[in-house]
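The values are calculated or read from the model by the stated rules, or taken from the named source; none is laboratory data. This is a predicted model, so every value here is computed, not measured. Cβ sites come from the backbone with ideal geometry, for glycine too, and all protein chains shown count toward neighbours. Areas reflect the complete protein model, heavy atoms only, side chains present, ligands, DNA and RNA absent. Shrake-Rupley method; radii C 1.70, N 1.55, O 1.52, S 1.80 Å.
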Amino acid sequence: MEEVKEKNITNKTVVITGASRGIGAEIVRLLAMENYNIVLNYNKSENEAKQIQEDLLKQNKKIEIFKADVSKREEVKQLIDFTLKKFKTIDVLINNAGISQTKLFTDILDEDWNKMLQTNLSSVFYCCQEVLPIMINKKDGCIINISSIWGITGGSCEVTYSTAKAGVNGLTKALAKEVGPSNIRVNAIAPGIIKTEMNSYLTESEKNEIKEEIPLNKIGMPIDIAKCVKWLIEDKYTTGQIISINGGWYI
Ligand code: NAP
């Protein structure tokens, strides 16, 4: 009861990257219902971002949207400055933006490698570095990185993606140790397969084959990840963990 009361009054501020679609958009919707102040970052999908904002504003939620390519340090700075201007502080950072690529290792170009590492790994470095001084200053904060099962197990024909996500896992663990004494928690969620546009290239028969490999026999939904994000924000004693939500695909 105490906690519910506090949640409705506190209005903590969350910045979430790449939240115009898929998992990020679902996290936004769930956290908005919990009355967080939200800054939704998008890059290309402006219409989708505006639609989410419009829907939530109608429900009297506090949400701002901001276009930034988080693979670029300068644009990350602008995103954080914008958030501070709107909401004065940042309590939670969710590094969710990501791209995927399926290619034979021998076909990977330098451009593919660089784009993947910049978008899926350097973005996490930039966002954490820009936000941490604020969190360290108030000795409170929560960072959640959306990684992937492939960062743990490695995915065939997804070497660039697996490498970047393994980097996210390493960053998560090391940073958790470094900023724990400042009361900042850093965790990652490593989803298995979740129903979003990222997997739209899979045929029905490929999806069925994957389902057969998953003990719970189904593909996850964005809400499965959003619920874990909410729990990680509320919990106060979990840090440095890579939580794989995958239906038992990898145990
Ligand atoms: P999605 O539906 O393809 O959405 C990706 C999001 O990332 C979009 O909102 C996109 O924004 C944003 N984004 C991409 N590049 C960006 C950039 N440079 N700057 C800012 N935003 C950028 O993918 P999703 O499935 O929701 O994936 C979300 C996260 O979960 C990713 O990190 C992904 O690796 C991870 N994940 C997904 C799965 C899965 O099965 N779906 C499994 C494991 C991990 P715009 O459209 O506005 O550019």
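Using a probe of 1.4 Å, the accessible surface attributed to W113 totals some 90 Å² when neighbouring protein chains are kept in position. Of the residues M116, M198, the one with the largest accessible area comes first in the ranking M198, M116, computed with a 1.4 Å probe on protein heavy atoms.
Can you compute the charge dipole magnitude of the chain about its Cα centre, using +1 on each Lys and Arg Cβ and -1 on each Asp and Glu Cβ, nothing else charged? Give it in debye, rounded to the nearest 20.
Working: 32 positive and 32 negative charges, 175 e Å.
With Lys and Arg at +1 and Asp and Glu at -1, about 840 debye.
Helix 73-87 axis versus longest C-alpha principal axis of the chain: approximately 40°, rounded to the nearest ten.
For region 83-142, the calculated P(r) over all alpha carbon pairs, in 5 Å bins from 0 to the bin holding the longest distance, is 4, 16, 21, 17, 12, 10, 8, 7, 4, 1 percent. How many percent of the accessible area of region 13-245 is carbon or sulfur, using a 1.4 Å probe? Heavy-atom surface of region 13-245 belonging to carbon and sulfur, 1.4 Å probe: 51 percent. Sorted largest first by accessible area at a 1.4 angstrom probe radius, with every protein chain in place, the residues E204, E158 fall in the order E204, E158.
For Cα pairs less than 8 Å apart in space and 6+ apart in sequence, what is the mean separation divided by the residue count of region 141-251, i.e. the relative contact order in percent? It comes to 34 percent, rounded to a whole number.
Per Stokes-Einstein, at 4 °C and 1.567 mPa s, what whole-number D in µm² s⁻¹ belongs to the chain, with the Kirkwood radius over Cα pairs as the hydrodynamic radius? Please list the in-between numbers first.
Numbers: Rh = 18.4 Å.
This corresponds to a translational diffusion coefficient of 70 µm²/s.
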